[in-house]
Structures are given as structure tokens and as C-alpha cells.
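The values are calculated or read from the model by the stated rules, or taken from the named source; none is laboratory data. Computed from a predicted structure; not experimentally measured. Every residue, glycine among them, receives a Cβ derived from its backbone with ideal geometry; neighbour counts consider all protein chains shown. Side chains are part of the model used for accessible areas, which takes the heavy atoms of the whole protein and leaves out ligands, DNA and RNA. Shrake-Rupley method; radii C 1.70, N 1.55, O 1.52, S 1.80 Å.
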Amino acid sequence: MKFITPIILVILAIGIFFGYTDGVYQDVKGLSITKAQLADAQANAAKLRAKRDLLVQDYNNIPDASIQRLQKALPDGVNNVGLVLDINDIASKYGMIIKGIQINQETAGSGAVVLGPDSKPYGSITLSFSVTTSYETFQLFLHDLESSLRVVDLTSLSFASNKDNLYTYSLTIQTYWLK
């Protein structure tokens, strides 16, 4: 009988260990691994917040004039009226009048057939118009159009002579915006 009580207590201790204690111990190990992962995630989040704060500070230090110039160079949306007004301002600087304005929004660049959704991050518009002026004035107009902030590609140019050394120039330009 002296030997039965210790054997029963050892068997009971082993049963309690494998029945309850080992399961709780495995759960605690899993929770400690999860705790380490969450601590890493928290440290990464703190680094990202610090980086975001630096970027916001850098963005806030950009002058408003520079932001406006950037938005004019590549706008966030289609602004047909603004585009026509910008070109008209350049033309009026040289005493020219824009005539026959036609605006076409292209669904695919360069007339190419697109199968499936258009995944380009930008869209384009084609603007056609004509002006009547001398060759020298037209060169100045093209130079100002080229050096304006708005990104513009001249895709077509034709001309016809008029009286008094004036020409009628028909232009087609393409401009872009971010989608």
C-alpha cells in the first residue's frame, strides 16, 4: 500500500500534465509567437507613420504656385474649357483669333484598337482649330504653345495662303490628363 499511493499520484500528475497543462502550455507558446508578430507590426506601423509625417511635411513645404503649375501641366481631369482658354490666351497675345474649334476625346491612344479595359493611367483629348496670321507670328505662337505648362503634342499641321502675306494654319494637338 505504501507503493500504490505514490504510483497513483505520479499517474495522476502525468494525466493532468498531458490532459490540461500541455494544452495550455502550447496555447501560451502560440500566443507568445503572435505577441512577437504584433510587436513587429506595431514597430513597422510606427516607422510608416514617421515616414508619412515626413512626406506630409515635405508636401506642405511645396509652394502653392508649384502645385498649381504641376496641376496645369498634367491635370486630374478633363478641362476642355480651360484648355481652349489657355490656347486662346496664347493666340490673343499675338492678335490671332482661334476658329473652328473641335474637341475629340480619344478612347485609345493613336487610334489603336484596344481589346479589354483601357488600363492606361492617363487619358487624351484631340483639339483641332485654325488661325490666320503671318509665318513669323505663327512661329512665335508655336514657340509659346510648346513652352506652355500644359503638355501638348502637335499631331497635324496644314496651311493655306491668303492675301496680304497671311496664311491660315489648321492645327490638331493632343493633350493629356490623369485618370
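Enclosing the Cα atoms of region 1-49 in their convex hull gives a volume equal to 47 cubic angstrom per residue. Taking only protein heavy atoms and a 1.4 Å probe, the accessible area of region 32-179 is 56% carbon and sulfur. Taking only the C-alpha atoms of region 57-98, the Rg (one decimal) and the largest Cα-Cα distance, Dmax (whole number), read 14.1, 45 Å. Heavy-atom accessible surface of the chain, averaged per residue, reaches 73 Å², computed with a 1.4 Å probe. Roughly speaking, what is the centre-to-centre gap between region 134-156 and region 24-94 when only Cα atoms are used, to the nearest Å? The distance from the Cα centre of region 134-156 to that of region 24-94 comes to 34 Å. When the inverse distances between all different Cα atoms of the chain are averaged and flipped, the Kirkwood radius reads 23.0 angstrom. Ordering 28, 6, 74 by the projection of their Cα atoms onto the charge dipole of the chain, which places +1 on the Cβ of Lys and Arg and -1 on the Cβ of Asp and Glu, puts 6 at the extreme positive end.
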